[in-house]
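All remarks here apply to the structure that follows.
The values are calculated or read from the model by the stated rules, or taken from the named source; none is laboratory data. Everything numeric here is computed off the predicted structure, so don't read it as measured data. No Cβ is skipped: glycine too gets one built from the backbone with ideal geometry, and neighbour counts run over all protein chains shown. Remember, those area values only see protein heavy atoms, side chains included, never the ligands or the DNA or RNA. Shrake-Rupley method; radii C 1.70, N 1.55, O 1.52, S 1.80 Å.
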Amino acid sequence: MSDLEEEYRLDYFEEHGFRRTECSECGDHFWTLDPDRETCGEPPCDEYSFIDDAGFDEEFELGEMREAFLSFFEERDHDRIDPYPVAANRWRDDVLLTQASIYDFQPLVTSGTTPPPANPLTISQPCIRMQDIDNVGVTGRHTMAFEMMAHHAFNAREDIDDPEQYAYEGEAYWKEETVAYCLELFEELGADPQEVTLIEDPWVGGGNAGPAFEVIYKGAELATLVFMQFEQDADGEYEMKDGNCYSPMDTYIVDTGYGLERWAWVSQGTPTVYEAVYPDTIDFLTSNAGIDHTDEEAEIVHRAAKLAGRMDIDEAEDVEAARDDIAAEIGVETERLRELVEPLESIYAIADHSRTLAYMLGDGIVPSNVGTGYLARMVLRRTKRLVDTVGVDAPMDELVDMQAERLDYSNRDTIRDIVRTEVEKYRETLDRGSRRVESLAEEYAETGDPIPTDELVELYDSHGIQPDMVEEIAAERGVDVDVPEDFYSAVAQRHEEEDVASAAETAGYADRIADLPETDRLYYEDQNRTEFEAVVLEVFEREDGDYDVVLDQTMFYPEGGGQPPDHGTLSTEDVTADVTDVQVHDGVIVHRADADPGTGDFVTGQVDGTRRRRLMQHHTATHVVGHAARHVLGEHVRQAGAQKRTDSARLDVRHYEPVAREEVKEIERVANDLVTDNSQVTQEWPDRHAAEAEHGFDLYQGGIPQGEQIRLITVDEDVQACGGTHVSRTGDIGAIKIRSTERIQDGVVRLSFAAGEAAIEATQETEDALYEAGDALDVDPMDVPETAERFFEAWKDRGKEIEELQEQLAEARASGASDGEEVDLDGTTAVIQRVDAEMNELRATANAISEDGSVAVIGSGADGAQFVVAAPEGSGVDAGAVVSELADRVGGGGGGPSDFAQGGGPDAAALEDALADAPDVLRQVMSA
RNA sequence: GGGCUCGUAGAUCAGCGGUAGAUCAUCCCCCUGGCACGGGGAAGGCCGCGGGUUCAAAUCCCGCCGAGUCCA
């Protein structure tokens, strides 16, 4: 195993007089200019020394700092790149949120598949790290939202067999320049280089690794310089700290990260990072919450923050532990300190969370119960709780809007709307929750037991009610709550048994087609042609008897982008094979055919034109409907999935509330206006970075394509990266009919629609249903709604009337008792009667008789054989036992409480005999 | 994407195989000089929809629709 030590020996250090030494406290190796330095500089080995003693010549606000950084690197031949969205799942599917600037370039750029937008480049990338959520506000240094300033260089080895296989070649720069830039930046800002240390700290992440420096200045970690150059490899010669082995890659990448907030903080020397980042917001929130400290109190808070900053506090729990020490050092009671500091901690967190929400919602995340939407919902609810606890009296949408304004988002109205909707939803959840907890607390108040853990887990997991809320409500009713220390792991326990379905291994194509050339895709050349000539390159016989045919070129569109494959035929002079499926694997298009056209032969391909045309209409219509939905519902609307068919298509779209009927009509109108405009639908193949720069990541609503060139489809103002086939003018769609909308998940709405002939068919189908309903009701179709309503009302009235009549009839029967047999049972009268009617009537009759003081045994042969037995109180007859015995005689069963029972069986023929035996049965039961 | 919970009167919920209930709201009557309260009564239900099991389903099973919630 090679050690990485050599990797850190740079000429730069040699030339500038740096020395390598080992920290006397933690044992890490680091580089320094200071001949006397013994410790690495990072807490806990050293303390923060910039608080009240700013680290640079000038103080920088956030924007100033960002500009200083970016222009510094611009002056040194880096291209400035616009930041990417915080929703990283807009361009990659392995993560939800952007957590570092390098996320922007993974995986396609780092692997060398796609060129970077510029090389080298500099960027200030907004990031969100949810894992820090508990620390925000409390530790003084953690923020959930932050900007990672960075300079990146993408390099590829030239001493390999085929340097051209990568999207970039040669070396922009590597370690020497990276370190030099970093220290030059410090010097330019007026930092004392003697106080800078570079700690050797190998980096590992996402299957890659490499040497790295943590750059520390006055106790604060201000930059990380990562030299990504290894990839995971079981046979690799470098063993990294994660225990895996790594070997060198052909590409090697400079990945740096400079935390903008920390740089601004160090430049200002405020006690906490929040005061440097959100001075205005904090002023607003403190005055709004009515927090007004005396000079003495302000001094205590200031000293406490300063002390906390100096300590090694990396987690919120550490703060709690440190609170006593801090209070002692300042000379105040711990409790007093807590009262002063805790509201401020909440306010810091509110400021940070509001900014996080502004980023998330500004970048188009819609709150939901899945994905990034869920994360946004969690942040919003947490913020709302903090706002309520600390007594801030401003609406949430205003707090978020303040940040959105600062971040210069243009969709602020939508953001406010979303926040208001979410807050309202949360209020409803809390209402529901407290009602539930109240009734539960009352239940346990009666028994005197504490509310057990499994009830708590259930409340949290299924109803979103936090244990502290349960405690609060339960306490009002004097009920204890059993909250275990490891509550959240008890919740996790519940999820542990969930099965992890293993993905079925698909297609054994990979090795079989690896040597075949990529198929020429004729369907992009002329999307309206259906006939073509080709040469058969290879034929594989399938296990099911069909054949997989590979051609040199094809007009057949393979399944992709939610568009199903073309069907059609491949013919030679001898054979005509039906094509029923077309798939693409690594650029090789495979046609599934029911006959073997013969390898090496010429074939004539014929695509099923009707099917293709219908699919194209639906595909273009999908773009049109998406565009119309965006127009009507708002800019946040984005595709969350789509499927096209020959008779209909569906488009799933992110939206935060149900789509109203009026909105559906409006979308339909806008969409059909686009059809009427008959504008050209164009395709082009621009460079991907040029396309991204011009149109943004909204291009990738249908998925993220690979490669340096991407295919763009433009329909009116709507531009999307799309591999599907499209009609050439919007007029060719014919018509668009939205058939239904439904809520797929919270935050996702499905629009189902039909285009072209299918739209006509869909309309006809709906009309048919209406006509049939009209026929059935014998009214004009237009009168169906009114008539249906009238009929439904009349039907309900009749039900009530029947019930009333049945009761009257029952009473008449009971008082008349003419056709019933009366039996005397030790002073109590029993009436045995056959009434061939339905159960309701039987019950009513039995009830009426029983109310008159007699035992009732009613039998019916209307539907099999059925009995109802009712016994007045004190009769000594167990109705359940009687019914059970009688029902047994007609081949069934029955039962019920002793005063009223019912039952029956299929054998109607035995009913009379059973009723004849009833007196005996009654006597038997009474004596039993 | 997966797990869990819930759909019963206008609202909130109970019932969880055997006659559909409570509270609030609504309407009427009584009490009062009037109001609040109190008392008496009435009206209000495709028990989400569709299948299945059963002599019998609001209740058990399956599917669908709708709502909520936790996790990745």
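Taking the range A:830-928 and the strands (runs of 3 or more DSSP E) fully enclosed by it, the elements with 1 or more residues that are closer than 23 Å to residue A:813 by Cα and away from RNA strand B (no atom under 12 Å from the Cβ) are at A:855-860. Of the residues examined, residue A:21 is one that is modelled with pLDDT of 90 or more and outside the structural domain of residue A:359 (by TED's automatic domain parsing). Filtered by the rule that a residue be outside any helix (DSSP H, G or I) and touching a Pro at 6+ places or on another chain (Cβ under 9 Å), the range A:752-772 gives no residues. The requirement of being open to solvent by 20 Å² or more (accessible area, probe 1.4 Å), under 30 Å from residue A:121 (Cα atoms), modelled with pLDDT under 90 and of a type in the set (Gly, Ala, Ser) is fulfilled nowhere in the range A:653-665; no residue meets it.
Would you confirm, using the coordinates I've provided, whether residue A:810 is modelled with pLDDT of 85 or more and either hydroxyl-bearing (Ser, Thr, Tyr) or not in a loop (DSSP other than H, G, I, E, B) (or both)? The answer is no for residue A:810. Residues that are of a type in the set (A, V, I, L, M, F, W, C), over 16 Å from residue A:142 (Cβ atoms) and within 16 Å of RNA strand B (Cβ to nearest atom) within the range A:358-379 comprise A:360, A:365, A:366, A:370, A:375, A:376, A:378, listed in sequence order. Filtering the range A:709-752 to residues that are open to solvent by less than 30 Å² (accessible area, probe 1.4 Å) and within 16 Å of RNA strand B (Cβ to nearest atom) leaves A:738, A:746, A:747, A:748, A:749, A:751, A:752. Listed by first and then second residue, the pairs with beta-carbon distance under 9 Å, at least 6 apart or on different chains, first residue in the range A:778-798 and open to solvent by 100 Å² or more (accessible area, probe 1.4 Å), second more than 12 Å from RNA strand B (Cβ to nearest atom), are A:778/A:787; A:782/A:770; A:782/A:774; A:786/A:779. Note on the range A:205-214: residues that are surrounded by 18 or more Cβ atoms within 10 Å (Cβ to Cβ) and out of contact with any helix residue (DSSP H, G or I) (no Cβ under 6 Å at 6 or more places or on another chain) amount to 6. Scan the range A:899-928 for residues that are free of Cβ contacts under 8 Å to residues at least 40 places away in the same chain and open to solvent by less than 70 Å² (accessible area, probe 1.4 Å) and the total you get is 5. Just one of the listed residues (A:647, A:677, A:652) is in contact (Cβ under 8 Å) with a residue 12 or more places away in the chain and either under 30 Å from residue A:118 (Cβ atoms) or within 16 Å of RNA strand B (Cβ to nearest atom) (or both), namely A:652.
Does residue A:890 meet the test of being under 18 Å from residue A:831 (Cα atoms) and surrounded by 23 or more Cβ atoms within 10 Å (Cβ to Cβ)? No, not satisfied. Residues that are farther than 17 Å from residue A:594 by Cα, open to solvent by 30 Å² or more (accessible area, probe 1.4 Å) and not polar (S, T, N, Q) within the range A:545-558 comprise just one, A:552. Residues that are of a type in the set (A, V, I, L, M) and farther than 22 Å from residue A:151 by Cβ were ranked within the range A:217-262; the one that is surrounded by the most Cβ atoms within 10 Å (Cβ to Cβ) is A:240.
Working only within the range A:559-587, note down all residues that are part of a strand (DSSP E or B), open to solvent by less than 20 Å² (accessible area, probe 1.4 Å) and modelled with pLDDT of 90 or more. Before you say what the answer is, go through the steps one by one.
The first filter runs over the range A:559-587 and keeps only residues part of a strand (DSSP E or B), leaving A:560, A:563, A:568-571, A:576-585.
Then drop every residue that is not open to solvent by less than 20 Å² (accessible area, probe 1.4 Å), which leaves A:563, A:568, A:570, A:577, A:579, A:582.
Within the range A:559-587, A:568, A:570, A:577, A:579, A:582 qualify.
Against the list (1) crowded, with 21+ Cβ neighbours inside 10 Å; (2) within 15 Å of RNA strand B (Cβ to nearest atom), the condition residue A:403 fails is (2).
If you go through the range A:893-928 and keep only what is among the aliphatic types (A, V, I, L, M), in contact with a helix residue (DSSP H, G or I) (Cβ under 6 Å, 6 or more places away or on another chain) and closer than 19 Å to residue A:841 by Cα, you end up with just A:901.
The helices (runs of 4 or more DSSP H) falling completely within the range A:467-522 that include 1 or more residues that are among the acidic types (Asp, Glu) and at pLDDT 85 or above map to A:467-476. Taken over the range A:822-851, the criterion of being in contact (Cβ under 8 Å) with a residue 60 or more places away in the chain and open to solvent by 80 Å² or more (accessible area, probe 1.4 Å) is satisfied by A:826, A:834.
Highlighted here are the strands (runs of 3 or more DSSP E) found entirely within the range A:201-319 that include at least 1 residues which are modelled with pLDDT of 95 or more and either over 24 Å from residue A:47 (Cβ atoms) or in the same structural domain as residue A:152 (by TED's automatic domain parsing) (or both): A:212-217, A:220-232, A:245-259. Just checking, does the range A:341-354 include any residue being within 24 Å of residue A:131 (Cα to Cα), within 16 Å of RNA strand B (Cβ to nearest atom) and either among the basic types (Lys, Arg) or outside the structural domain of residue A:744 (by TED's automatic domain parsing) (or both)? So far as the range A:341-354 goes, yes, one or more of its residues are within 24 Å of residue A:131 (Cα to Cα), within 16 Å of RNA strand B (Cβ to nearest atom) and either among the basic types (Lys, Arg) or outside the structural domain of residue A:744 (by TED's automatic domain parsing) (or both).
Yes or no: residue A:383 closer than 30 Å to residue A:285 by Cα and either within 16 Å of RNA strand B (Cβ to nearest atom) or crowded, with 22+ Cβ neighbours inside 10 Å (or both)?
Working: closer than 30 Å to residue A:285 by Cα: yes; either within 16 Å of RNA strand B (Cβ to nearest atom) or crowded, with 22+ Cβ neighbours inside 10 Å (or both): yes.
Yes.
Could you check the range A:409-424 and list, in sequence order, the residues that are in a helix (DSSP H, G or I) and surrounded by fewer than 17 Cβ atoms within 10 Å (Cβ to Cβ)?
A:413, A:420, A:421, A:424
Every listed requirement among (1) under 29 Å from residue A:343 (Cβ atoms); (2) more than 9 Å from RNA strand B (Cβ to nearest atom); (3) surrounded by 15 or more Cβ atoms within 10 Å (Cβ to Cβ); (4) within 22 Å of the chain's Cα centre (by Cα) is met by residue A:460 save one, (2).
I need the full set of residues from the range A:409-454 which are within 15 Å of RNA strand B (Cβ to nearest atom), among the basic types (Lys, Arg) and under 30 Å from residue A:86 (Cα atoms), in order please. Those that are within 15 Å of RNA strand B (Cβ to nearest atom), among the basic types (Lys, Arg) and under 30 Å from residue A:86 (Cα atoms): A:420, A:425, A:427.
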